[in-house]
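To start, the structure itself, in structure tokens.
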Amino acid sequence: VRDSEASDDPHVAMLGNSLMLEGVDVSLLRAKIEPTYTPVPYFVLGTNYYDWFFGLKRLFAEGMRPRYVLLGLSPNQLAAQGIKGDYSARYLFQQSDLIDVVRKTHMDATSASGFLLAHYSEYYSTREITRGFFMRHVLPGVGELLHSRVVAFRDPEIKEAVLEPLAADRLAALDQLCRANGSHFFFVVPPSYQKGAQIIERAGRERGIPVLVPVPDGEFDASYYQSDGIHLNAKGSQVFTARLAASLREQLPK
């Protein structure tokens, strides 16, 4: 995607993880903001802030130039110190950023060695995904057991004193990266059980960075989520997408 300031139908690069994949009905969003704007989704499951900060660096280095970039992460994902790991090393990060990722995420020597190897080896970088695929087919009962354990797990709430300055710094870094490459940055907080959307919105507002919160914390009850209690179901997706489209229409130039 390469837009210029004179493009008549600029693109909105939509980035994020499973919260955006399950939460955004791309067809509905496209119907509500086209033909003026064209959404282009690129979702990678299990990703956090550093996955997308360095992922954006690679995408820009490879020539991506959308007029707008919309990144969606939950409060905990924005504040997370970790990355998706080997998969990101291979498919999201460029070689020149690998050592910087190691430092930013405070990897130990063993983790760093595997991380660097994964960038150069397709087999090594996808071994966990491959193993999970075969486990689900050979021993489906084990997969169901692990899934139930994951569903039961909830990230602890991040204190406001920790989240606000961290969100401010990371939003500013993303905004600066996008501006340096001719794109306008927007951040959206998709609905989840995690708290802190309004804190992130305030941090962005104080720095002039648009942060969209189509669904305030706690508004959706269990009927809007899938059985895992994390991802939106069809009902939740329809409401979230419609509100996201309305928020974008308010923020984007007419």
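The values are calculated or read from the model by the stated rules, or taken from the named source; none is laboratory data. Nothing here was measured: the structure is a model prediction, and the numbers come from that model. Note: ideal-geometry Cβ built from the backbone for every residue, glycine included; neighbour counts use all protein chains shown. With ligands, DNA and RNA removed, areas are computed over all heavy atoms of the protein, side chains included. Shrake-Rupley method; radii C 1.70, N 1.55, O 1.52, S 1.80 Å.
Per-structure values
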item	result
Residue 102 under 30 Å from residue 5 (Cα atoms) and surrounded by 15 or more Cβ atoms within 10 Å (Cβ to Cβ)	no
Segment 177-226, residues that are in a helix (DSSP H, G or I), within 17 Å of the chain's Cα centre (by Cα) and more than 16 Å from residue 13 (Cα to Cα)	197, 200, 201, 204
Matching residues in segment 62-81 - criterion: being outside any strand (DSSP E or B) and hydroxyl-bearing (Ser, Thr, Tyr)	74
Segment 39-84, subset more than 15 Å from the chain's Cα centre (by Cα) and small (Gly, Ala, Ser), residue nearest to residue 199 (Cα to Cα)	61
Qualifying residue in segment 89-101 (condition: of a type outside the set (Lys, Arg), assigned to a helix (DSSP H, G or I) and at pLDDT below 95)	yes
Answer residue from segment 185-218, given it is among the acidic types (Asp, Glu) and modelled with pLDDT of 95 or more and is most open to solvent (accessible area, probe 1.4 Å) among those	206
